[in-house]
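Structure, as C-alpha cells:
The values are calculated or read from the model by the stated rules, or taken from the named source; none is laboratory data. In this text, all values refer to a predicted model and were calculated from it rather than measured experimentally. With ideal geometry, Cβ positions are generated from the backbone for all residues, glycine too; neighbour counts draw on all protein chains shown. Just the protein is used for accessible areas: all its heavy atoms, side chains included, with ligands, DNA and RNA removed. Shrake-Rupley method; radii C 1.70, N 1.55, O 1.52, S 1.80 Å.
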Amino acid sequence: MKKVSLLMLVAMLFIGNVKAQETQILIEDNFEAYTVGNKIAEEADAAGIDWWTTWSDAPGSAEDGVIADLEGNKCAYLTYGNDQVLLLGGTSSGVYDLEFDILIPEGKNGYFNILHDFNGGNSTWALESHLHMSSSSTSAPGQGAVVAGGLNETIVCVYDEWMHFRLHVDTDADIAQYYYTLPGEEEVMVLEWQWSTDTGGAASSRVLDAMDFFPPQNASTSEFYLDNFKCTRIGGETAAELNINPTEINETIKQEETKDITITLENTGTSIAEYSAYVDYGVGEGSEVLDVLSYINPNSTQPSGVGWVDLEEPLTFEIASYFPASTYAETAMGTYITSIAYQFIQFGENDADGNFVPGPGLEEGTNVIFRVYGQGQNGMPGAVLAEKAISESEVVWNDYTLVTLDEPVALTGSDVYVAIEMTQAIDGTVMITDGSPAVVGFGDLVRQHMGSAYQSLTSSGSDYGNWLISAVYEGTPVIGGYASLSKSYGTIAIGATDNVTVTLDSEELIEGTYEATLVFNTNIADNPVIEVPITLEVTPISVSEISNEAYNIHPNPTSGKVTVEAENISYIAIYSSTGQLMNVVMNTNVVDMSAYENGVYFFNVVDNAGQKSMQRVVVAK
C-alpha cells in the first residue's frame, strides 16, 4: 500500500474541501468602469448590466443614485430620494454570500434590506439594517439595528470609514446569517435566523429576490457610499426532487365507512422540497346555479370603517376572504367564480348646514385590483388565478362594485383567496366590515405588503367583523369532499420524508364509483405538478351492521312527515330496504317522507357526538 504522509493527507483533505465548496461569482461591481456623475442604473442598463434598478423600476429617475469619486475611488453615492435596488435573480435554491462596503459621512445615516419579493411598495422584506439609526424613524449616532426573523440586534457603527457587511443565505438549509466587520477588526456574526420568514418572523418564502439601498430619513441626515458589491454562489446549483408513493389510490369501502391511506413523499434532491396539496374533484357541466361565497352577516346593518390613521402618504394594501375547499364543498364544488363584489361606503360628516360631506377614501388616480389566488405555502396565497383592475373613478360608492373576471376560476377542490388591493388616501377610510362577529382568519384578512403573510384583522381581540367581499359562482356542482387530507402544504429537508394521510369517507355517498385526483404543486422545476389518481368504489351497507338504539319515531307508519324524538341530531341518513342511500337530512329531527314510495326504510340517526342508531320507518299511503 502506498504510504501517505500526514502533511500530504492534510493537503489532500484541504483540496477536497475546496473542490466540494467550489464557488461562482454571480455579481461583482466595484463601479470602476462607470463614469463619475452618471446615474447608476441608467449607465448599467446602457452597458448591458442587468442587476441595478430603482424602487419604482425607473433607471435615470430621481430614485437613481450617482457615481462618485471618493478619494480616488469610484463608488455609488446615495442621498435622500435615491432608492437603489440590486436584483438577485429570485432564486429559492443554493447557498449565497452577499458582500459589500458602506461608508457614512459624519452625522448622516443609511439603510439596506434583503427582499424575498421585490414589487415596489408591495415587496416582502427578509431583513432590514438601519445604520446610525435604531429604527426607520429614530436617529442613533454610533448604533445600528438589524431586524430579521422577528429578531432585533444592535451593531456599532462608525462615521467616515468603510464598514464591511457579509450576508450568508443558505436557502437549502433555510438559514441566514448577518456578518459585520468594523475597520481594523475581526468579522463577527451578529444574527442568525430562519431564512423563510419575513422581518416580523411570519412565515414567508425562501426566495432571494433583491436588495435595496436607501437613505431613509430626510435630506439633511441621510447619505452614504456603497462599494465592492459581490454575490457568490457557494457549492454549485442545487434542486429538490420528490418521490411519491403510492402513485395511485384504488379503494373499495362500504357506505358509512372511512379509510386512511398514507402517501409518503421523499426528497432525494439537494435542496428543500416544498409542496401544497389538494384533491381535485373536477367541474360540472352546464350552469344550474348562480350564488355567492361570502362571510358577510346578512342581518348586520352597521358596517364598520377601518383604516390606517396618521398616514404621511397614501398607503396601498390588500384585504381578502379565505375559502378553503371545506367551505364550498357542499354547495359550489365544480362551479366557477365569475365575478367579485365589494361594497365601498363613504364616510364623512355633516357641515354647518347639515349637509353630508364625504371624507377622503381611495387615493385619486390609483387602481383597485380584484384577484383570486390559488393555494400556496404556509396557509398563504399561491399563484394569481385571475385579476381585474378598475380605476378608483369606476368604484360605485355605498353599493356593491361588481367586477366580472375575464377568465372564470374553477372551484375544484383547492383553497382560494378572494382579494382586493386598493390605495387609501391620507385620512381615508376604505376597509369596510359588516360589524358582526368575524369569522376570524377567514373573512377578515389584511396585508400591507404583497407576498407577505396575511394577518387576521380581529385576531387581537377587537371584533370589527368580516369584509364586505362576495365571490359570485356559477355552474353545476359536483360531489366532493369525500377525500380529505391531513395537511395541505409542507417542506421536506434534504434526504427526509413527509407523510400526507388521505381519508376516504363514504358517509354521504350512494353506491357507485367516484374519481378524483390528489394534486401536489411543488417547487420541482421539471415536475411542478404531481398527480395521484383516486378511484373510490362504494358498496351498499348492510342495515344489520349499524347498532340499534331505539328512538321514538311518530307517526310510524307514515304518509308524510315523521318526527324523531332525539336531541343534538347532526344528520339523518335515509336508506331503502336494500341498503341504498336515498337522502341525507341535516340538523333537524323532522323528515318529510311524502315523496317516497310505499315500503320499509331505515333512518340512520347520527348525533353531534358521532353516535349512530338505525331505526325502521314504514311508508304507507
Q: Could you check how many residues of the stretch 203-220 are open to solvent by 30 Å² or more (accessible area, probe 1.4 Å) and either part of a loop (DSSP other than H, G, I, E, B) or among the β-branched types (Val, Ile, Thr) (or both)?
A: 7
**Q.** Single condition Asn299 does not satisfy, out of (1) part of a loop (DSSP other than H, G, I, E, B); (2) closer than 14 Å to Val416 by Cβ; (3) not β-branched (Val, Ile, Thr)
**A.** (2)
**Q.** the stretch 131-148 - residue that is at pLDDT 95 or above and more than 15 Å from Tyr159 (Cβ to Cβ) and, of those, nearest to the chain's Cα centre (by Cα)
**A.** Ala148
(Q) If I ask for residues that are open to solvent by 40 Å² or more (accessible area, probe 1.4 Å), outside any strand (DSSP E or B) and either touching a helix residue (DSSP H, G or I) at 6+ places or on another chain (Cβ under 8 Å) or more than 22 Å from Asp209 (Cα to Cα) (or both), which ones from the stretch 51-73 would you list? (A) Trp51, Pro59, Ala62, Glu71, Gly72
(Q) Being in a loop (DSSP other than H, G, I, E, B), within 30 Å of Asp291 (Cβ to Cβ) and not basic (Lys, Arg) is true for just one of Ile494, Ile479, Ile534, Ile524. Which residue is that? (A) Ile479
Q.
Six or more apart or on different chains, Cβ atoms under 7 Å: show the pairs whose first residue is in the stretch 400-424 and free of Cβ contacts under 8 Å to residues at least 40 places away in the same chain and whose second is in a strand (DSSP E or B) and open to solvent by 20 Å² or more (accessible area, probe 1.4 Å).
A. Asp406/Lys388
Q: State yes or no: is Tyr514 in a strand (DSSP E or B) and modelled with pLDDT under 90?
A: no
Q.
Given the options Phe356, Phe370, Phe344, Phe323, name the one that is farther than 22 Å from Leu411 by Cβ and open to solvent by less than 20 Å² (accessible area, probe 1.4 Å).
A. Phe344
Q. Before we move on, is Pro528 free of Cβ contacts under 8 Å to residues at least 12 places away in the same chain and open to solvent by less than 70 Å² (accessible area, probe 1.4 Å)?
A. yes
Q) Looking at Asn568, Asn608, Asn589, Asn604, which is the one that is at positive phi and not hydrophobic (A, V, I, L, M, F, W, C)? A) Asn568
(Q) Quick test for you: out of Ala483, Ala453, pick the one residue that is under 30 Å from Gly307 (Cα atoms) and in contact (Cβ under 8 Å) with a residue 60 or more places away in the chain. (A) Ala453
Q) If you check every pair at least six apart or on different chains, which have Cβ atoms under 9 Å apart with a residue in the stretch 126-155 that is open to solvent by 20 Å² or more (accessible area, probe 1.4 Å) and in a strand (DSSP E or B) first and a residue that is acidic (Asp, Glu) and modelled with pLDDT of 95 or more second? A) Val147/Glu128; Val147/Glu153; Leu151/Glu192
Q: Hey, could you check the stretch 599-619 for residues that are surrounded by 11 or more Cβ atoms within 10 Å (Cβ to Cβ) and assigned to a loop (DSSP other than H, G, I, E, B) and say which is modelled with the highest pLDDT?
A: Asn608
Q | Criterion violated by Gly305 - all others in (1) over 23 Å from the mean Cα position of the chain (by Cα); (2) closer than 30 Å to Thr497 by Cβ; (3) open to solvent by 20 Å² or more (accessible area, probe 1.4 Å); (4) not polar (S, T, N, Q) satisfied | A | (2)
Q.
Taking the criterion of being open to solvent by 20 Å² or more (accessible area, probe 1.4 Å), out of contact with any Lys or Arg (no Cβ under 7 Å at 6 or more places or on another chain) and in a strand (DSSP E or B), would at least one residue in the stretch 430-440 satisfy it?
A. no
Q) Can you tell which of Thr513, Thr429, Thr491, Thr497 is under 22 Å from the mean Cα position of the chain (by Cα) and polar (S, T, N, Q)? A) Thr491
Q) What about Glu99, is it at pLDDT 95 or above, in a strand (DSSP E or B) and more than 22 Å from Glu42 (Cα to Cα)? A) yes
Q. Within the stretch 89-98, how many residues are buried (at least 19 other Cβ atoms within 10 Å of the Cβ) and under 22 Å from the mean Cα position of the chain (by Cα)?
A. 2
Q | Candidate set from the stretch 160-175 (those that are under 19 Å from Val146 (Cα atoms) and of a type in the set (Val, Ile, Thr)); member that is surrounded by the most Cβ atoms within 10 Å (Cβ to Cβ) | A | Val169
Q: Name the single residue, out of those in the stretch 415-424 being open to solvent by 10 Å² or more (accessible area, probe 1.4 Å) and either modelled with pLDDT under 90 or more than 12 Å from the chain's Cα centre (by Cα) (or both), that is farthest from Gly201 (Cα to Cα).
A: Thr423
Q.
Going by what's in this entry, would Asp310 be described as of a type in the set (D, E, K, R), surrounded by fewer than 16 Cβ atoms within 10 Å (Cβ to Cβ) and modelled with pLDDT of 95 or more?
A. no
Q: Name, by its number, the condition in (1) in contact with an Asp or Glu (Cβ under 6 Å, 6 or more places away or on another chain); (2) within 19 Å of Tyr178 (Cβ to Cβ) that does not hold for Tyr96.
A: (1)
Q.
Taking the criterion of being more than 19 Å from the chain's Cα centre (by Cα) and modelled with pLDDT of 95 or more, would at least one residue in the stretch 451-470 satisfy it?
A. yes
Q) Would you pick out the residues in the stretch 203-244 that are aliphatic (A, V, I, L, M) and under 30 Å from Tyr159 (Cβ atoms)? A) Ala210, Met211, Ala219, Leu226
Q) Going through the stretch 320-368 one residue at a time, which ones are of a type in the set (Val, Ile, Thr), more than 22 Å from the chain's Cα centre (by Cα) and not in a strand (DSSP E or B)? A) Thr331, Ile345, Thr366
Q. For the stretch 589-619, which residues satisfy the criterion of being more than 12 Å from Ser577 (Cα to Cα), in contact (Cβ under 8 Å) with a residue 60 or more places away in the chain and among the polar types (S, T, N, Q)?
A. Asn604, Gln611, Ser613
(Q) Every residue in the stretch 351-374 that is without any contact (Cβ under 8 Å) to a residue 12 or more places away in the chain and of a type outside the set (Asp, Glu), please. (A) Ala352, Gly354, Asn355, Phe356, Val357
Q: Considering only residues that are farther than 29 Å from Phe347 by Cβ and touching a residue at least 60 places away in the same chain (Cβ under 8 Å), look in the stretch 375-395 and name the one that is least open to solvent (accessible area, probe 1.4 Å).
A: Gly376
